[in-house]
Every structure is written in structure tokens, then in C-alpha cells.
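The values are calculated or read from the model by the stated rules, or taken from the named source; none is laboratory data. Here the structure is a predicted model, which means the values were calculated and not measured. Every residue, glycine as well, gets a Cβ built from its backbone with ideal geometry; the counts of neighbours run over all protein chains shown. These area figures cover heavy atoms from the full protein model, side chains too; ligands, DNA and RNA do not enter into them. Shrake-Rupley method; radii C 1.70, N 1.55, O 1.52, S 1.80 Å.
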Amino acid sequence: MNTILRKSILGIAGLAFTGGVFAGPVAAHAADTAKPAAVAVQGVSPQGAQSHVDLNDEQLANAKAIIAATKKAGLPERAAVISIATALQESKLENLGHLGDRNDHDSLGLFQQRPSSGWGTPEQITDPEYSTLAFLKGLKQVDGWQDMPLTEAAQTVQVSAYPDAYAQWEQQAAEIVAQHWDK
């Protein structure tokens, strides 16, 4: 074997070994913290890296209010998953009032809806049932929302400056809906 070929093979082997030494612990750690991909809600297939927040009692009550409003609207679990993922992105399921200088225009509530954009009065928008029903009314107007990726359905209703951000909440939203839909 000629010297150049041998050095090339040894160099590649060395890089592969070094990559394994450094990537091994990272990959092992990633496997330890990864969430299972299986979701109990039919039609859910999370895309991309998933985020998670621990919910307090108020946030959980807001999630349950979204589920109740979805049922009231006669829509399936998938609509509740999209709604909760949207509210997780917009407010972390906190019913936000006016945030002063940190406020995005006049955005309020779980879905950060704006009175100036026709979503309702500040009182209506900060009512979890009303804001969810308003969001769902918009969702129902999206042709094929049931079959499109969550982030696309949410973005079509919300018109966010960060259209892909909703996808990161799909797993947690699906878990919340699976846990509380039949209660």
C-alpha cells in the first residue's frame, strides 16, 4: 500500500474515532433527555425539536378551558392540540394582560389576540373561552387545517412574525389533550 493512501485511511479512521469519542457522550445525553415520539392523539406527528414547560395550576386551568371550548365548538382533539400549542407559543398558557413596553402592539390573552385587529374587546380576549372560540373560528376557515402541519394551521390563523415557532409545542399540547380530553 502506498504511503499517501495509508496516511489517508489512517487519517479518516482517526477522525471517525475522534468524532465517536466526542459525539458519543453528546448522543448518549441527548437520548437520555429526548421525549418519546409516540403521541396518544390521532393525527399528531411533531416536527422538529420539541419544547416543554412545567405548568402551574393557572396554566393547566387555561389548557382545560381551551379543551372545553374546543368541545363546545364541536371540534375534534386535533383542534385542541393546535389551540394549546398556539397558546403555549404565544403566552405559555398565561392569560396575559397589557404588558406595557414589553407588549406586542395591543396583544392580550392566551393567544395574544389584538382588539385593534378585530379579535374582540380586551375583556373578551382575556376570557379563555371567548379567545379560544375566536381562534377556532379562524381555524375552521382554513381549508384542510385538519391535515396540515400544526405550525401551518396555527400560522394561517395567527399571522405571526415567527411562523415556524408553533411546531415546537405540538408534543406537549398533544400530551395535555390526551390527558384531559375525556375528563
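Structure values in brief
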item	result
Cβ-based net charge around Gln59, under 13 Å, with every Lys or Arg adding one and every Asp or Glu removing one	-3
Counted charge near Ala79, where neighbours are those whose Cβ lies closer than 12 Å (Asp, Glu -1; Lys, Arg +1)	+4
Probe 1.4 Å, all protein chains present, accessible-area order of Val177, Val159, largest first	Val159, Val177
With every protein chain in place, the range 46-183: carbon and sulfur % of accessible area (1.4 Å)	47
Surface accessible to a 1.4 Å probe, per residue, for the residues of the range 139-183, Å²	52
Restraint check, Lys92/Lys140; Lys71/Lys183; Lys140/Lys183; Lys72/Lys137; Lys72/Lys92, Cα-Cα greater than 20 Å	Lys92/Lys140; Lys140/Lys183; Lys72/Lys92
Distance between modelled label sites at Leu60 and Ser116, nm, 7 Å Cα→Cβ extension	3.8
